[in-house]
Amino acid sequence: MSGVYWSLAALSLLRPAEEADALLGVTVTSRPTSTAAATISRSNDTCSSNDNTTDDNDDNKNDNDNGRLDVEESHRKPIVDWVFDCFDPSQGGFGGNVGHDAHLLYTLSALQILAMADRLDDPRLDREAVVKFVASLQQRDGSFAGDEWGEVDTRFSYCALSALSILGALPDTSSDDTRPTSGADDASSTSSSNEKSTID
């Protein structure tokens with residue numbers, strides 16, 4: 001799961017979103033791998049200006065006028081669908097692959113993929129279950145375990161906060177009153193009165 005996110009993120013830095021989608025098959029229903037490979041090949045040819053071409057290169061070209069590579073095409077469902085196949089409904093999080101136990105790291109990667117694909121509003125995303133899964137992994141000291149087996153790591157605290165942020169489930173602290181509580185105000189007032197009495 002994380003490798004898919006890293007690949008998508010890296011390609012998105014190098015190519016427009018639509019081209020990245022076409023190359024990786026993020027949201028498209030099916031993608032011929034040969035067409036994607038040909039697109040990459042043509043893009044690389046455009047980026048690298050090599051004037052030292054020989055006739056030998058012509059022997060390797062496909063006779064097909066559209067530039068597609070001569071390899072067997074295979075169709076597969078979109079990455080987004082695979083992401084949802086990795087959801088573990090018994091725990092409420094996402095696993096690293098289909099049939100794997102839910103883990104906080106892969107749950108964040110899944111949400112990042114869905115966010116990049118603009119699919120956070122997909123009805124298959126059980127937001128409440130994911131939030132409960134993340135919250136269930138918080139320890140008494142505030143840290144987070146990665147999964148039900150209890151490994152604690154600072155990475156998982158980052159994953160938890162990032163996942164909740166993506167889902168819009170973090171508490172709103174913008175209106176928090178950071179002034180001292182009324183008890184502190186009373187204590188401060190008492191202290192000032194004592195100081196004034198001492199000066200008098």
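The values are calculated or read from the model by the stated rules, or taken from the named source; none is laboratory data. As the structure is a computational prediction, the values presented were derived from the model and not from experiment. Counting neighbours? That spans all protein chains shown, and the Cβs are built from the backbone with ideal geometry, glycine included. Protein only, heavy atoms only, side chains kept; ligands, DNA and RNA dropped before computing areas. Shrake-Rupley method; radii C 1.70, N 1.55, O 1.52, S 1.80 Å.
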Exposure of Val98 as accessible area (Å², to 10), given a probe of 1.4 Å and all protein chains
80
Taking placed amide H atoms and a strict 5 Å upper bound, the residues 5 or more places from Phe144 or on another chain that come that close are Gln139, Asp153, Ser157
Given H placed 1.01 Å from N in the peptide plane, which residues other than close sequence neighbours of Phe94 have an amide H under 5 Å from its amide H?
Asp88, His103, Thr107
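Suppose R0 equals 30 Å. What FRET efficiency, 1/(1 + (r/R0)^6) with r the Cβ-Cβ distance, do Asp81 and Ser174 give to the nearest 0.05?
Working: r = 37 Å, r/R0 = 1.22.
Rounded to the nearest 0.05, the efficiency is 0.25.
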Mind ordering 86-96, 3-13, 155-165 by average Cβ neighbours within 10 Å, highest first?
86-96, 155-165, 3-13
